[in-house]
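**Student:** Please find one structure pasted underneath; my questions will follow.
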Amino acid sequence: MKVPNVTHRGGWLRGVVLSVALVGSGCVYPSERSEELRVVIDSIPDLLRGESFLLTATVVDAGGVPLENAEVFFASMDSLSVVDVSGTLVAVSVGTTEIVATALEFAEAVAEIGLVRIHDLIEIDSLSPAVVRFGDTLHLYGTGLDPERLFAVTVGGADVIVKSYTPLDPDDPHRFGRLTVWVPPPASRFSHGLVLGVEGLAISLDSSRVIQQDIYEVADQTVPWDFGELAAPVWNPALAFEYRAREDSLRFDWYRFSQADAQDRTIIVRSDQVSPETYEVFVTDSLFWDGTGQQFGIGSGSWTIGPGFYVCGGLPFAPPQLLADSVVVALQALPAGQYDILAAYEKPGGYEFSILQEYRSVLPPDDAEENDFCDLAAPLSLGVTRDLTIDNPHDIDWFRFTVGVNDKTTTFDVDAANEDADLDIYILKDELPAGLPLVGVSNIGGPTDEVAVSLLPGDYFLVVVDFAGVPTNYSLTTVTATTVLDPVAAPQMPSSKDGAPSTTLRVGR
């Protein structure tokens, strides 16, 4: 057997002779001195460390016609792989290995060198795109990235949320694939990807540049990001309350959307990076920026949902409520119109934002929904008991009732099924648009509350407020008696002056 005419390029050479039965025409054994013959290595896939692959090749003439019964010699030119006696390539180490194939019977035939990429069991080949913002998605390409086999994924030091995984071969998802993740704050300006899984640890060699703003940020903070008419839900778990200079008093994320018909909506703002004491969220049907007064305003007759600050007919109502790390406002059959969401914050951090086309709640809504704002206050008959629900943390229930000339004293009682709940009762006189005076209140704490008030004939609102932020079923009982109580001075809620076109939105604590 002749030794193949191969130039050794600094590696070590291992090889075997492989007889290849090939179908073709022409001379079986042409002259060994022919320079019109060449070896063609059949396709070799990328391999994982430890995998093997059976090599095959073809000897062809100048016209590309394969020769029958030609023998091919395979050799590995480095220590990254070996070729055994059967012609099987074994991937030993990570890198790009060179395989040379020569025609055994034809020393003058042109040999071919094939390159084979050997990947680690867990590896990030590349990231894309090269430039992203918070809330963008980033693609990690590599091996061993099946999220079912991963313990942790970070980008630029920030824990990420996996959006999707697409394997190259669905029948073998643990091999090659594309892992798509959200880029969250506080990912660094030049971020590498890191994955930790059952196969080990991998860090990307290249990085993506992360612009330190989220994808909905606008240059002018007094202009909202307008989604327009929403045709699909919005969900992004990787947005940012961005850092702003100390002298920058504007620290708001402002969103706007519209809908042409009534739809169920759930709006969620949630954060595990920002303390609830440092941000608050408002949902309203009217919001504008008053450049002269350098403050936000709400149109006359508008409504706003807090928590902790509500507006009814353009007039404020501010019951105390505990703060929570999430605001969930579920609205059933929200009427057609334009709506604004304003998140005011004091400190930077990441948060999740959603506008869903569904009613999502911890407990099922009661038969009084939608009554989360006073425009849609549910009618309440006095002298009856109703079974109701605080379906989400800090849900608020508005009811409307009328006191006739013969009605004297009314007792309002709430009783929560959850012992951790703390329901409060507020009675507001409906003097819209002139005022919204508070005429009765009970907020002593605990799952039950009761207030008895003597009410003059007129229209009223009854508001049940979830102070503790605990979803619960509860009963509401009203009893009307003929005994007249001594009048008690009730605290007055702040209200706009008569004829004022708008209310200033209270932001910041």
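None of the figures in this text is laboratory data; all of them are computed from the coordinates on show. Since the model is a prediction, treat every value here as computed from it, not as a measurement. With ideal geometry, Cβ positions are generated from the backbone for all residues, glycine too; neighbour counts draw on all protein chains shown.
**Student:** Tell me the label only: which of [x] 35.9, 124; [y] 22.2, 73; [z] 25.3, 86 is Rg and Dmax of the Cα atoms in Å as calculated from this structure?
**Tutor:** The calculated read-out lines up with [x].
**Student:** Ok, one more. How about region 335-364: which GluC sites (Glu not before Pro) there lie in a loop by DSSP and see at most 13 other Cβ atoms within 10 Å?
**Tutor:** Answer in residue order: 358.
**Student:** Would region 84-131 count as rounded, prolate or oblate if I go by the C-alpha gyration tensor, calling it rounded below 1.5 in a/c and otherwise prolate when a/b exceeds b/c, oblate otherwise?
**Tutor:** It comes out oblate by the Cα gyration axes.
**Student:** Going by the alpha-carbon gyration tensor, a ≥ b ≥ c the square roots of its eigenvalues, is region 191-251 rounded (a/c under 1.5) or, if a/c is not under 1.5, prolate (a/b greater than b/c) versus oblate?
**Tutor:** Judged from the Cα gyration tensor, region 191-251 comes out oblate (a/c at least 1.5, b/c at or above a/b).
**Student:** What percent does the relative contact order of the chain come to when contacts are Cα pairs within less than 8 Å and at least six residues apart?
**Tutor:** After rounding, I find 10 percent.
**Student:** Further question: Please report the antiparallel percentage of DSSP beta bridges with both residues in the chain, rounded to the nearest 5.
**Tutor:** 90
**Student:** Could you order the peptides 264-270, 128-134, 422-428, 449-455 from most to least packed, using the average number of other C-beta atoms within 10 Å per residue?
**Tutor:** 422-428, 264-270, 449-455, 128-134
**Student:** Check each of the trypsin sites (Lys or Arg not before Pro) in region 204-257 and keep only those in coil by DSSP with at most 16 other C-beta atoms within 10 angstrom; list them in order.
**Tutor:** Here the sparse-neighbourhood loop sites are 244, 246.
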